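All remarks here apply to the structure that follows.
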Amino acid sequence: MFEQLWRSPRVKLLANGNQVSGCIDAQVTSTSHYGADRFRATVALGADLVATPEYWASESNILVDVQFSTDGGLSYVSLVQGLVDVVSIDLPAGLVYLEGRDLTSGLIETRTQETFANRTSSEIASILAERHSLTPVVADTSTPVGRYYQDEHDHITLNQFTRSMTEWDLITFLAAKEDYDVYVSGNSLHFQPFSEPSVASAVLSSSDFEDLRLERALTLARDITVTVKSWNTRQQTAFVQTARSSPGGGSFSAGPSQNYVYVRPNLTMSDALTIAQRKLAELSSHERVIEGTMPGELSLDRRSSFRLSGTGTDFDQLYFMDSIDRHLSLDHGFVQHIRAKNSSPRSQATAPSDDVGSVTG
């Protein structure tokens, strides 16, 4: 899939908008779940007239853009933009080591005491993005977040624990409530409905990998049942919603199934069903995991899907990227380590909410 007639990988490091000469090693780790992408870079001192030891010792705010190229520098792809967290200077070796995170770090480091009870999730996401000079790429939502803290839960929850809640905690909480995906890419904050592509964006053969490990969790290969129990104090009702999935075929196996029960207060029946289905998808998605190292390339990203082929086993199927770790150095060239996951093909069913009753007392 990724065979090239020739490869000449290059790395470009920008610090506060200026290209830094002498970058000899760079590593970028991208993740598909709620977390910041991370980067490391090694710079040789003396190669740049501006980025001197004095510069690295005194500059308090260093915005880095790490870019890779596979065509000798004719074109570059930005893999991460973020602030440097740690600068380490090795004077005898003449090297500077940089470590940092993407621009998610601003949200992670900022505590919040605001409830935003009368705002929608999309409005909050846009407000927080603009506070950190991020471009909001936000899909509209309609529910005021006060709905998620019924019976004064906004005061109890968001005020009692504000000293430990960050803006990133808040926005990821809202994303989970809305069944949205949230991440920072470049200088943009994305807050949009979560969706996984049903068609692979690439095909990878087992021969593309230098090493490849295939892992299957047999406990998650069985029937899985997720039950959400809730009571709604306003409607004075209690109910149960259940979602099930079975590997292959259409009928559930006779063997022992994996049963998961979640108790959540003040849900509607629709909310409980949504949570049951989402938890079911999350659990089953970890059934098959593949990890492997391959020559570095720049077409896959942390939200790519691909179809694996060439193993001659049931592992030849669709996978969703979990993380990509790319490393480019003068000593070892350009390689990447990927981790991806998915369940085996499964059938799904939802049980009717037959356990409905009144709350007494």
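Readers should treat all values here as calculations from the given coordinates under stated rules, not as data from a laboratory. None of the values given here were measured: they were computed from a predicted structure. Reconstructed Cβ throughout: ideal geometry from the backbone, glycine too, with neighbour counts over all protein chains shown.
The table below lists the values:
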quantity	calculated
Alpha-carbon centroid distance for the pair region 1-63 / region 220-236, whole angstrom	47
Förster radius 25 Å - calculated FRET efficiency between V86 and D301 (Cβ-Cβ, nearest 0.05)	0.45
Helical segments meeting 27 Å axial Cα length and Kyte-Doolittle -1.0 threshold in the chain (DSSP H)	none
Lysines with Cα under 25 Å of K229, excluding same-chain neighbours fewer than 8 positions away	K177, K279
For region 1-134: Kirkwood Rh in Å [reciprocal of mean 1/r, alpha carbons]	16.9
Kirkwood hydrodynamic radius over Cα pairs of region 178-223, then Stokes diffusion coefficient at 10 °C and 1.306 mPa s, in µm²/s	107
The chain, relative contact order [Cα under 8 Å, separation at least 6], %	17
Among (1) 97, 48, 38; (2) 75, 62, 36; (3) 76, 54, 32, the entry derived from the coordinates for Cα extents along the principal axes in Å	(3)
